[in-house]
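Down below is the structure, laid out as structure tokens.
The values are calculated or read from the model by the stated rules, or taken from the named source; none is laboratory data. Please read these numbers as outputs of a predicted model, since none were measured by experiment. Neighbour counts run over all protein chains shown; Cβ positions are idealised from the backbone, glycine included.
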Amino acid sequence: MKPEIRKIVSFEEEVYIEGFKEVETPVRMFAVAAVVKNPWAGRFVENLRPEILSFGPILGNLLTEKISAMAGGATNIEAFGKAAVVGMNGEIEHASALIHTLHFGNPFREAVEAKSFLSFTNTRGPANATIMVPMMDKNDGGRRSHYLTLQFNISDAPGPDEVVIILGGATGGRPHHRIGDRYQELKELGHDVENPAAV
């Protein structure tokens, strides 16, 4: 069983001026999305695993290859994330099923040589729904400069019986970032930086 892919959509932005100030090094953010027929649309299916196991590696490898090319090589990606938007004839669980599997995410994590988990959104909406791809540093979850969100839409997707599956990446952090990282605040609050949950 293979995913029925209607089309692939790529999106990119390059920031030159932010906050009324020129950026020293332009920051590129980009995403690649597959518009896929929802195999579970319009009905309740108890076991989603066969499609997860079948679709995950195909979509993960395809989108990883395309976003790596957009970045000029996977290792140029510093921040990354994933998202899914299911059409109105599907469940949030359908969006989650196709991206919350190592069979989908691991090809991207391995390609960019990441240690962090992929931040994510999974939502439901009509065609032209806003797609939000949250990102964070691929190796350091406390590096706030790389807390980014890429926003775009696809005018004709998702259709009611479709799911849009997305990978996002960035070549750097927010221009002029100046809120610091989590570690100083953890120290100020008396938390163990190595074990933030400890008091």
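Looking only at segment 177-192, filter to residues that are aliphatic (A, V, I, L, M) and either closer than 15 Å to Arg144 by Cβ or surrounded by 15 or more Cβ atoms within 10 Å (Cβ to Cβ) (or both); which one of those is modelled with the highest pLDDT? So that I can check it myself, show each step before the final result.
Residues of segment 177-192 that are aliphatic (A, V, I, L, M), as a first pass: 179, 186, 189.
This time we only want the ones that are either closer than 15 Å to Arg144 by Cβ or surrounded by 15 or more Cβ atoms within 10 Å (Cβ to Cβ) (or both), so: 179, 186.
On the way: Ile179: 91, Leu186: 84.
Checking each candidate, the answer is Ile179.
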Picked from segment 1-44 (must be surrounded by fewer than 18 Cβ atoms within 10 Å (Cβ to Cβ) and small (Gly, Ala, Ser)), the residue farthest from Phe152 (Cα to Cα) is Gly42
Among Gly169, Gly180, the single one that is under 19 Å from Leu63 (Cβ atoms) and either β-branched (Val, Ile, Thr) or out of contact with any Cys (no Cβ under 6 Å at 6 or more places or on another chain) (or both) is Gly169
Counted residues in segment 120-140 being under 13 Å from the mean Cα position of the chain (by Cα) and either free of Cβ contacts under 8 Å to residues at least 24 places away in the same chain or closer than 17 Å to Ile92 by Cβ (or both) come to 8
Screening Glu91, Glu78 for residues that are surrounded by fewer than 23 Cβ atoms within 10 Å (Cβ to Cβ) and either more than 17 Å from Phe152 (Cα to Cα) or touching a residue at least 60 places away in the same chain (Cβ under 8 Å) (or both) leaves only Glu91
For Asp161, the lone unmet condition from (1) touching a residue at least 40 places away in the same chain (Cβ under 8 Å); (2) crowded, with 22+ Cβ neighbours inside 10 Å is (2)
Scanning segment 19-36 residue by residue, those among the basic types (Lys, Arg) and either touching a His at 6+ places or on another chain (Cβ under 7 Å) or more than 30 Å from Pro3 (Cβ to Cβ) (or both) turn out to be Lys21
Restricting segment 45-75 to residues that are assigned to a loop (DSSP other than H, G, I, E, B) and without any contact (Cβ under 8 Å) to a residue 12 or more places away in the chain, the one surrounded by the most Cβ atoms within 10 Å (Cβ to Cβ) turns out to be Val45
Going through segment 1-33 in order, the residues found to be in contact with a helix residue (DSSP H, G or I) (Cβ under 6 Å, 6 or more places away or on another chain) and touching a residue at least 60 places away in the same chain (Cβ under 8 Å) are Phe30, Val32
(message) When you scan segment 101-114, do you find a residue that is in contact with a Lys or Arg (Cβ under 7 Å, 6 or more places away or on another chain), more than 30 Å from Asn47 (Cα to Cα) and touching a residue at least 12 places away in the same chain (Cβ under 8 Å), even just one?
(response) yes
Restricted to segment 141-186 and to residues being more than 16 Å from Glu14 (Cα to Cα) and aromatic (Phe, Trp, Tyr), the residue farthest from the chain's Cα centre (by Cα) is Tyr183
request  = Report yes if Ala83 is within 18 Å of Arg124 (Cβ to Cβ), in contact with a helix residue (DSSP H, G or I) (Cβ under 8 Å, 6 or more places away or on another chain) and of a type outside the set (Lys, Arg), otherwise no.
outcome  = yes
